[in-house]
1. Rounded, prolate or oblate: which fits the stretch 198-242, taking a ≥ b ≥ c as square roots of the Cα gyration tensor eigenvalues, rounded meaning a/c under 1.5, else prolate when a/b beats b/c?
2. Over the stretch 257-333, calculate the relative contact order: mean separation of alpha carbon pairs under 8 Å at least 6 apart, over the residue count, as a percent.
3. Keeping all protein chains in position, work out how much accessible area LYS272 exposes to a 1.4 Å probe, and write it in Å² to the nearest 10.
4. With a 1.4 Å probe and all protein chains kept in place, how much accessible area does VAL109 have, in Å² rounded to the nearest 10?
5. Starting from the Cα of ALA131, step 7 Å along the direction of its Cβ; do the same at LYS325; then give the gap between the two resulting points in nm.
6. Leaving out ligands, DNA and RNA but keeping every protein chain, what accessible area does ASP94 have, in Å² rounded to the nearest 10, with a 1.4 Å probe?
7. How many nm separate the modelled label positions at ALA98 and MET310, each set 7 Å beyond the Cα in the direction of the Cβ?
8. At a Förster radius of 25 Å, what calculated FRET efficiency corresponds to the Cβ-Cβ distance of LEU80 and GLU262, to the nearest 0.05?
Amino acid sequence: MPFLPTAPVRIQSYFGYRNRERLHITARALRSRVDRFEKGGRWRAVRTMLAQFVSHEVPDLAVELEIARPGGTSHRHQGLTDKEGFVHFDIRLDPEWALAEQPQWETVVFHWTNGTGAHCIDGHVLAPGTATGLAVISDIDDTIVETGITGDFGAVMRNWRRVLVEMPEERILVPGADIFYNALGGGNILPAGDGHAGESQPATNRPFFYVSSSPWNLFSYLVAYIRGRGLPLGPIMLRDWGLNRDTFGSASHGAHKLVAIEVILATYPELKFALIGDDSQGDLTAFSAIAAEHPGRIRAIFIRKVGEAMSPEELAAQKAIEAAKIPLWLGDSYATGRDFLASIGLLGDEETRAIVETVETTDPRKK
């Protein structure tokens with residue numbers, strides 16, 4: 001079985017991000033095989049997904065992070081995995097590392113040693129460009145992938161059963177999300193291939209960040225889903241969790257997202273952000289709190305409606321957002337996004353206008 005503790009130690013690299021002064025990236029040491037989400041029947045799917053959750057974390061493993069600036073000498077930074085196998089690098093860049101004009105994926109390299117010798121694996125760090133004025137922070141569940149969750153504990157558990165038997169390509173994409181997100185992000189450019197520390201690849205024109213209450217165990221699954229559906233790729237902020245009702249329910253979702261969004265905003269004080277979520281996990285109230293805490297930083301808010309009537313807290317959040325004169329879109333279809341895109345200044349782009357017009361003319365409700 002792929003999750004037996006006899007598997008060799010490997011490093012799972014998560015997407016990092018940086019500004020001119022600091023670089024953040026996380027990895028995890030696991031005893032498991034490389035994730036392969038391939039079709040092969042339900043039993044194979046269950047085995048593959050169970051391996052994501054019962055993989056064996058490796059504590060106290062020495063990990064080195066190699067960083068190199070273009071044309072410069074590489075430097076290695078030392079790290080040690082914690083009891084959950086995570087190693088977090090928060091590196092001060094001295095001297096400051098200038099950003100390119102356009103957003104880039106920059107390659108770093110993780111090094112470690114296990115019973116079979118020395119190993120290394122690439123990591124990818126998002127560096128927004130100096131020409132970037134707007135970035136996007138998006139939820140995942142029911143924002144880009146259909147789950148059917150509306151806060152009910154039974155619905156949450158039914159969704160987790162789907163996670164255990166469906167490969168990423170089998171999960172349902174929220175209709176219109178791919179076209180709408182690429183209009184916002186400017187394409188679905190993905191980091192790919194083996195590289196060397198200091199190399200770089202183009203990223204989307206507008207940086208994308210994803211925040212989700214899903215566990216870190218689902219990182220590879222979500223990356224495979226985003227890649228396969230042609231969505232803009234960016235750092236994915238997930239969370240560690242335990243097997244309890246709070247983890248599977250919605251009680252702590254808003255708090256986790258608030259912290260993740262706060263970190264992103266603090267890292268990029270020069271950027272404004274569009275926030276995209278849904279009404280199944282308290283995104284509207286969380287986004288309202290963020291907007292109040294950071295006046296002038298939130299350019300627009302988009303909430304996909306999947307639930308029923310709005311709660312008193314959501315109604316209060318809506319009023320607060322509107323009072324702050326932040327464009328707010330509440331709808332059930334990305335195909336109606338013209339006004340929202342116009343409100344954040346995207347319809348001045350001829351290519352974006354053509355994309356949105358294509359979506360609207362294919363909306364069956366308009367025929």
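The values are calculated or read from the model by the stated rules, or taken from the named source; none is laboratory data. Just so it is clear, the model here is predicted, and its values are computed rather than measured. Note that each Cβ is placed from the backbone with ideal geometry, even for glycine, and that neighbours are counted across all protein chains shown. Areas reflect the complete protein model, heavy atoms only, side chains present, ligands, DNA and RNA absent. Shrake-Rupley method; radii C 1.70, N 1.55, O 1.52, S 1.80 Å.
1. It comes out prolate by the Cα gyration axes.
2. Values: 96 pairs, mean separation 24.7, N = 77.
With pairs under 8 Å counted, the relative contact order is 32 percent.
3. Accessible surface of LYS272 is approximately 90 Å².
4. Estimated to the nearest 10 Å², VAL109 gives 10 Å².
5. 3.0 nm
6. Probe radius 1.4 Å; accessible area of ASP94 about 110 Å².
7. In this crude label model, ALA98 to MET310 measures out at 4.7 nm.
8. Working: r = 27 Å, r/R0 = 1.06.
Efficiency, from the Cβ-Cβ distance: 0.40.
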